[in-house]
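K.L.:
Submitted below is the structure of interest, expressed as structure tokens.
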Amino acid sequence: MARLVALFVALYSYFPSGPASADEASNVLVGSWKLTSWTIQIVGGDATEPFGPNPKRRAAFTPDGYVAFIIVGANRKPATNDDESAALLKSLLVYTGKFTIEGDKFTTKVDMSGNELLTGLDQVRFFKLEGDRLSLRTAEQVSSVGIYQGKKVVGALTWEREH
């Protein structure tokens with residue numbers, strides 16, 4: 001009986017249950033992640049996919065506490081003129097910075113961005129980490145960009161670890 005109890009204790013310790021804590025998450029996040037879902041919910045309105053279905057995407061977390069997020073529209077083509085070059089920028093989201101985790105709050109201090117409005121600011125998200133799935137969401141906020149400008153929105157992103 002004692003061996004059986006020891007086996008259950010060992011298995012319970014080896015297979016964690018439930019979401020990871022914030023301290024565990026910083027270390028567990030290291031690596032490459034692919035986006036599986038990104039929606040912007042207009043408060044009181046519809047949810048949309050900002051770059052359409054199946055955007056190209058990656059997040060990379062480094063052991064020294066930096067993160068890079070890169071998301072682009074799925075059907076981008078090389079630009080042949082200035083208007084097309086400008087349009088490409090509208091289907092690009094990229095920023096990097098040092099990240100910290102406090103409770104369920106994930107904050108990136110943006111040091112570089114494709115949108116200079118973000119550089120130097122904190123991007124605050126709320127996170128949930130369950131195994132190889134990372135969910136990030138924004139607080140309700142008034143959007144300052146694109147088709148959402150002036151509207152209250154909540155963004156939600158789901159990432160899966162790339163192996």
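K.L.:
Might you check whether a residue that is part of a strand (DSSP E or B) and touching a helix residue (DSSP H, G or I) at 6+ places or on another chain (Cβ under 6 Å) occurs anywhere in the stretch 122-135? Before the answer, list the steps.
P.N.:
Our first condition is that a residue be part of a strand (DSSP E or B); within the stretch 122-135, this holds for 122-130, 133-135.
Going one step further and asking which of them are touching a helix residue (DSSP H, G or I) at 6+ places or on another chain (Cβ under 6 Å), we end up with 129.
For the stretch 122-135, residues part of a strand (DSSP E or B) and touching a helix residue (DSSP H, G or I) at 6+ places or on another chain (Cβ under 6 Å): present.
K.L.:
Return the pairs, sorted by first residue and then second, in which the second residue is in a loop (DSSP other than H, G, I, E, B) and surrounded by 11 or more Cβ atoms within 10 Å (Cβ to Cβ), the first residue lies in the stretch 75-87 and is of a type outside the set (K, R), the beta carbons are less than 6 Å apart, and the residues are 6+ apart or on different chains.
P.N.:
What qualifies is S85/A79.
Here, each number is a calculation from the coordinates, and none is a lab measurement. These numbers were taken from a predicted model, which means no experiment stands behind them. Cβ coordinates were reconstructed from backbone atoms using ideal geometry, including for glycine residues, and neighbour counts include every protein chain displayed.
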